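Have a look at the structure below before the remarks.
The values are calculated or read from the model by the stated rules, or taken from the named source; none is laboratory data. Values in this document were obtained by computation on a predicted structure and should not be read as measured data. Positions of Cβ are backbone-derived with ideal geometry, glycine not excepted, and every protein chain shown enters the neighbour counts.
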Ligand code: NAD
């Protein structure tokens, strides 16, 4: 029997396709804006400038200082640039770091956001903002954070390096994995996440061999949209908590850390909710944690926290921090459970469940 559910609706307008970047001006006008500040990382400054040039007088300028984990100092600089340029909205062109900066500006100024994602991290469809200040990362949810428009242009993902393609896809799969057992899940999200598993399973191996394969890029970006939508609608649990601790308190790289943790957090929870995680084991192989580990290995993903540079001596402190604030998880845990999970992820061993 279908269980009772609430579907909150999807309020963000989404454009998906190849060459959709060309529709940015129309979307800006549709929102009633005419002076957009275009945001990017230093790495993608040329793309941001090209978009601003294309928008002509509808662009108020470019701010290319976005950085990982949304440092508040960068946000303050960007807000000064936003005010000086008399901008009336932001366009975030890039991965989760750039989207985070756009959200940080929006929640402080009320500015509308158009997001043009170029990775699979999945920040664009969510009402979540993580920010760092004084070395501490805090996360909040607020409807004002959720972007108004998302433009997925497959062409912009053709340049995504193979390594980030793989880890970013595993980052997205982690959103779906936790959505499958989320207490507030709904059938729309479940269907989207199921289809995302299929699409990533077929597209990522193709992209490892040929990162410019446009059909596989389209499949992967579509899957990323599904997973981002899940992240924006339902609660996350142990996996996201651990990734947040390792990123926020130990400076671990975002996508790679998600990639390494995923088989281990999946295995931990699959031991008690194997049926809810069947959409994962159906696609990647059973049991779910081992299936994801095999997939990660087959596409040359990093497998151990040790390889990412985390010292074994940090695992005790990471486990302690992860226990600080209570949060829901399908399988209860103690500090020893978390410590054992982190040890397995640090060593990169194939999980048993
Ligand atoms: P990123 O945005 O930091 O990008 C990594 C690097 O890749 C950057 O230098 C970027 O310019 C470059 N890059 C991005 N797309 C490219 C492309 N197509 N071609 C060439 N280079 C490209 O990495 P990310 O993994 O997308 O985002 C990580 C950040 O996003 C973290 O800070 C994380 O906390 C945040 N995040 C937030 C949410 C949320 O809902 N709040 C969700 C997911 C991730």
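Assorted remarks:
- Scanning segment 322-338 for residues that are surrounded by fewer than 18 Cβ atoms within 10 Å (Cβ to Cβ) and touching a residue at least 24 places away in the same chain (Cβ under 8 Å) yields a count of 5.
- Residues in segment 27-44 that are surrounded by fewer than 18 Cβ atoms within 10 Å (Cβ to Cβ) and more than 9 Å from the ligand (Cβ to nearest atom) were compared, and the one that is nearest to residue 63 (Cα to Cα) is 35.
This table checks each residue for (1) in a helix (DSSP H, G or I); (2) within 23 Å of the chain's Cα centre (by Cα); (3) in the same structural domain as residue 119 (by TED's automatic domain parsing).
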{"site": "1", "(1), (2), (3)": "no, no, no"}
{"site": "6", "(1), (2), (3)": "no, no, no"}
{"site": "23", "(1), (2), (3)": "yes, no, yes"}
{"site": "28", "(1), (2), (3)": "yes, no, yes"}
{"site": "33", "(1), (2), (3)": "no, no, yes"}
{"site": "47", "(1), (2), (3)": "yes, yes, yes"}
{"site": "54", "(1), (2), (3)": "yes, no, yes"}
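- Screening residue 191 with (1) farther than 30 Å from residue 314 by Cα; (2) surrounded by fewer than 18 Cβ atoms within 10 Å (Cβ to Cβ); (3) in contact (Cβ under 8 Å) with a residue 24 or more places away in the chain gives one miss only, at (3).
- Single unsatisfied condition, residue 61 versus (1) surrounded by 22 or more Cβ atoms within 10 Å (Cβ to Cβ); (2) outside any loop (DSSP other than H, G, I, E, B): (1)
- Selection of segment 300-321 for residues being outside any helix (DSSP H, G or I) and surrounded by 15 or more Cβ atoms within 10 Å (Cβ to Cβ) yields 301, 302, 303, 305, 306, 308, 310.
- Scanning segment 134-163 for residues that are surrounded by 18 or more Cβ atoms within 10 Å (Cβ to Cβ) and near the ligand (Cβ under 9 Å from one of its atoms) yields 145, 156, 157, 160.
- In segment 70-113, the residues that are over 12 Å from residue 41 (Cα atoms), within 12 Å of the ligand (Cβ to nearest atom) and outside any helix (DSSP H, G or I): 71
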